[in-house]
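Notes for the one structure printed next.
The values are calculated or read from the model by the stated rules, or taken from the named source; none is laboratory data. Since the model is a prediction, treat every value here as computed from it, not as a measurement. Positions of Cβ are backbone-derived with ideal geometry, glycine not excepted, and every protein chain shown enters the neighbour counts.
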Amino acid sequence: MTKGAGRGRCGTLYVVATPIGNLEDLTPRALRILREVDLVASEDTRHSRKLFNHYGIETPLTSYFQHNEAAKGERLLHALQEGRDVALISDAGTPAISDPGCLLVQRCHEAGIPVSAIPGPSALIAALSMAGLPTERFAFEGFLPAKTHARRQALRPLQSEPRTTVFYEAPHRLAAALQDVRAELGDERSVAVVRELTKIHEELFRGTVAQACEHFSGKVRGEIVLLIGPAEQTVPEESVRDALRRWRAETDLPMREIVKQVAKVYGLSGSEVYKESLALRDEEE
Ligand code: SAM
């Protein structure tokens, strides 16, 4: 990468993840890219200046935030078309994840400009990785609505959700959000609250939502990720055979794998489901 325009090729848009608290969480590759590009588009240039000063990065910064996304995006696109390399960063974590960036990335693809991700921290993945809730499948829902009625509507479908669901939440709304989770999903639903990831006061709370309501009833500070565990999947015993039939019809998996999956999904023992698979085979012979 050489600095300067007019090289007869398009530049590249680098989508660069930056620390979510601890400044040491910048990858060496991210650091090199931030030093080498012609321009860094950042959500808040004053905020990014702290990171730049810490690492001695001298690349020019320009602002790119929610309210200038469309107009500023055009200028960045123009710079890229002229051959300048641009890095996109947000205040913290991975751009375009509950942060500006998606629109610019889409515009670059439409214009045939190469886009490259420089992966690194994201609060949702960091929280999931340490919370100890199931991670094989998960859903990320961004921020919950701020008002109770809308929030409860958003939470209601989780009554039967088989995946862990991850939300970003503001500290002053956490207690109310947990009360709504409790009202919609019951006292016993497993939750995790991850606060101040990678910072001095990092905290992980794990427990039922009733316990969480008690734990977070006072004033809460800092940045928060709220995770809601899957709804318990229970099936009446007589329908395990139906489940096996359905998986066989809907997947290409061999029966031994189907047995494993059905046991996992419904929280049954492998031997119990295996017995049902033998009964199914006998029934069909
Ligand atoms: N793009 C960012 C990412 O990849 O993580 C997320 C940006 S979003 C505007 C900011 C929200 O992310 C915060 O309100 C909080 O919910 C969550 N968050 C960011 N940093 C965090 C941290 N250090 N600890 C816990 N949550 C954090």
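Checking the condition closer than 18 Å to Ala117 by Cβ and charged (D, E, K, R), which residue from Glu74, Glu43, Glu58, Glu82 passes?
Only one candidate passes the filter, namely Glu43.
Quickly run through segment 243-264 and pick out the residues that are out of contact with any helix residue (DSSP H, G or I) (no Cβ under 8 Å at 6 or more places or on another chain) and either in the same structural domain as Thr164 (by TED's automatic domain parsing) or surrounded by 14 or more Cβ atoms within 10 Å (Cβ to Cβ) (or both).
Selection gives Lys264 alone.
Give me the residue from segment 266-282 that is loosely packed, with under 15 Cβ neighbours inside 10 Å and hydrophobic (A, V, I, L, M, F, W, C) and, out of that set, modelled with the highest pLDDT.
Step by step, filter segment 266-282, then rank; the result is Leu278.
Could you grab me the full set of residues in segment 77-96 that are of a type in the set (A, V, I, L, M, F, W, C) and touching a residue at least 40 places away in the same chain (Cβ under 8 Å)?
Of everything in segment 77-96, those that are of a type in the set (A, V, I, L, M, F, W, C) and touching a residue at least 40 places away in the same chain (Cβ under 8 Å) turn out to be Ala79, Leu80, Val86, Ala87, Leu88, Ile89, Ala92, Ala96.
Quick one: in segment 59-69, of everything that is over 14 Å from Cys108 (Cβ atoms) and under 27 Å from the mean Cα position of the chain (by Cα), which residue is surrounded by the most Cβ atoms within 10 Å (Cβ to Cβ)?
Leu61
Regarding segment 220-235, can at least one residue be identified that is within 16 Å of the ligand (Cβ to nearest atom), within 24 Å of Gly132 (Cβ to Cβ), in the same structural domain as Phe140 (by TED's automatic domain parsing) and part of a helix (DSSP H, G or I)?
No, that holds for no residue.
For Arg163, which of the numbered conditions (1) in contact with a helix residue (DSSP H, G or I) (Cβ under 9 Å, 6 or more places away or on another chain); (2) among the basic types (Lys, Arg); (3) more than 10 Å from the ligand (Cβ to nearest atom) fails to hold?
Every listed condition holds for Arg163 apart from (1).
Considering segment 240-285 alone, what residues qualify as being more than 34 Å from the chain's Cα centre (by Cα) and among the small types (Gly, Ala, Ser)?
Listed by number, the residues that qualify are Ser271, Ser277, Ala279.
Given the criterion farther than 17 Å from Glu43 by Cβ and under 11 Å from the mean Cα position of the chain (by Cα), identify the matching residue among Glu136, Glu141.
None of the other options fit; the residue is Glu141.
With the structure loaded, tell me whether Glu82 is more than 30 Å from Arg195 (Cα to Cα) and surrounded by fewer than 20 Cβ atoms within 10 Å (Cβ to Cβ) or whether it fails that test.
It is true that Glu82 is more than 30 Å from Arg195 (Cα to Cα) and surrounded by fewer than 20 Cβ atoms within 10 Å (Cβ to Cβ).
Please list, ordered by first then second residue, the pairs with beta carbon atoms under 7 Å, 6 or more apart or interchain, first in segment 168-196 and within 17 Å of Arg206 (Cβ to Cβ) and within 16 Å of the ligand (Cβ to nearest atom), second of a type in the set (Lys, Arg) and assigned to a loop (DSSP other than H, G, I, E, B).
Sorted first by the residue in segment 168-196, then by its partner, the pairs are Val181/Arg189.
Do the conditions hold for Leu26, that is, is it among the hydrophobic types (A, V, I, L, M, F, W, C) and more than 14 Å from the ligand (Cβ to nearest atom)?
no
Got a sec? Which strands (runs of 3 or more DSSP E) wholly within segment 50-157 have at least 1 residues that are within 16 Å of the ligand (Cβ to nearest atom) and among the β-branched types (Val, Ile, Thr)?
Counting at least 1 such residues, we get 86-89, 115-118.
Determine which member of the set Glu58, Glu43 is acidic (Asp, Glu) and at pLDDT below 95.
Only one candidate passes the filter, namely Glu43.
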